[in-house]
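Below is one structure, written out as structure tokens, with a few remarks after it.
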Ligand SMILES: [Ca+2]
Ligand SMILES: [Ca+2]
Ligand SMILES: [Ca+2]
């Protein structure tokens, strides 16, 4: 069928209007993603670099020093490095000396291709790991590294993208969508057991079994049942070894480990891996042969 010319013209007009109304595209959009294991909170800083490849960046991650302290801070050295023909050179480490902020500076100057720069979306700039002083609610932000006249975001063509229309844009730091309150417990898990994400946090032990909620989550045991937690129940000598029996959860991989000494002299060795889904009780016979003193422990990961 022949297209109606009027409708065709309308389409062009609408398309042109849409193009005209488009906001200025930022050269660089910087944003953070936060996640928590309970005791630690990690903020990763990313950039979408849409115009010119970047030769350098400078950002500050702001945090509440009453709630958190910095455990480690690193730039993504896989992408941001200086090199000469003999190899990669050490680059300035993130500055954590001022409480409440981490300054991360990165540059890419590869001697084999000096103007290559870095481009792409969801490009990792750096990672900061925090420890908690307490379980306060957390908020982070990412802002420009050093103030003018320092040039933080510089493109391979020499353009400085620090300020101005279409330059660098900072978006909010988003918490892990599975753990929006960053308390180290998946929200779905909290709602399933406690009916709410705000009732308890990772370090609480509402059933009083000695295992906090994070440990119960990691072992997939029941945080509202004081008989449900990860433990070795019994060790029974047999003719050629010892049978270890334990109880635990279902959706966590279990590792039975053995050591010949306690106190860190020797390493713990995995002697049996129980793949999920695991039964809530398990057992393994360790054929140790000659009588000797051995130590066992059970570990679970998820
Ligand atoms: Ca949560
Ligand atoms: Ca518990
Ligand atoms: Ca329990």
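A few points about this structure:
- Within segment 227-250, tally of residues that are modelled with pLDDT under 95 and more than 17 Å from residue 295 (Cα to Cα): 1
- Residues that are more than 13 Å from ligand 1 (Cβ to nearest atom), surrounded by 17 or more Cβ atoms within 10 Å (Cβ to Cβ) and over 23 Å from residue 244 (Cα atoms), drawn from segment 206-224: 207, 212
- All of 121, 127 fail the test of being more than 22 Å from residue 65 (Cβ to Cβ), under 20 Å from the mean Cα position of the chain (by Cα) and in the same structural domain as residue 77 (by TED's automatic domain parsing), apart from 121.
- Screening 147, 179, 187, 157 for residues that are away from ligand 2 (no atom under 16 Å from the Cβ), in contact with a helix residue (DSSP H, G or I) (Cβ under 8 Å, 6 or more places away or on another chain) and under 30 Å from residue 29 (Cβ atoms) leaves exactly one candidate, 179.
- For residue 249, the requirement of being more than 30 Å from residue 61 (Cβ to Cβ) and within 13 Å of ligand 2 (Cβ to nearest atom) is met.
- Selected residue [in contact with a strand residue (DSSP E or B) (Cβ under 7 Å, 6 or more places away or on another chain) and over 24 Å from residue 38 (Cβ atoms)] from 272, 255: 272
- When residue 300 is tested against the conditions (1) out of contact with any strand residue (DSSP E or B) (no Cβ under 6 Å at 6 or more places or on another chain); (2) within 30 Å of residue 180 (Cβ to Cβ); (3) within 16 Å of ligand 3 (Cβ to nearest atom), the lone failure is (1).
- Near pairs, Cβ below 6 angstrom, 6+ apart or cross-chain, from segment 192-214 (within 21 Å of residue 40 (Cα to Cα)) to any residue that is assigned to a helix (DSSP H, G or I): 197/187; 197/190; 200/194; 200/213; 202/213; 202/214; 204/213
- Test: residue 79 is touching a strand residue (DSSP E or B) at 6+ places or on another chain (Cβ under 8 Å) and in a loop (DSSP other than H, G, I, E, B): yes
- Any hit, segment 235-244, residues being within 16 Å of ligand 3 (Cβ to nearest atom) and farther than 22 Å from residue 49 by Cα: no
- Subset of segment 225-240 that is surrounded by fewer than 12 Cβ atoms within 10 Å (Cβ to Cβ) and in a loop (DSSP other than H, G, I, E, B) - its residue that is nearest to ligand 1 (Cβ to nearest atom): 227
- Segment 241-255 - residue that is assigned to a strand (DSSP E or B) and under 27 Å from the mean Cα position of the chain (by Cα) and, of those, surrounded by the fewest Cβ atoms within 10 Å (Cβ to Cβ): 253
- Among (1) surrounded by fewer than 16 Cβ atoms within 10 Å (Cβ to Cβ); (2) modelled with pLDDT under 95; (3) in contact with a strand residue (DSSP E or B) (Cβ under 6 Å, 6 or more places away or on another chain), the one test that residue 260 misses: (3)
The values are calculated or read from the model by the stated rules, or taken from the named source; none is laboratory data. Predicted model, so just to flag it, every value in this text is computed and none were measured. Neighbour counts run over all protein chains shown; Cβ positions are idealised from the backbone, glycine included.
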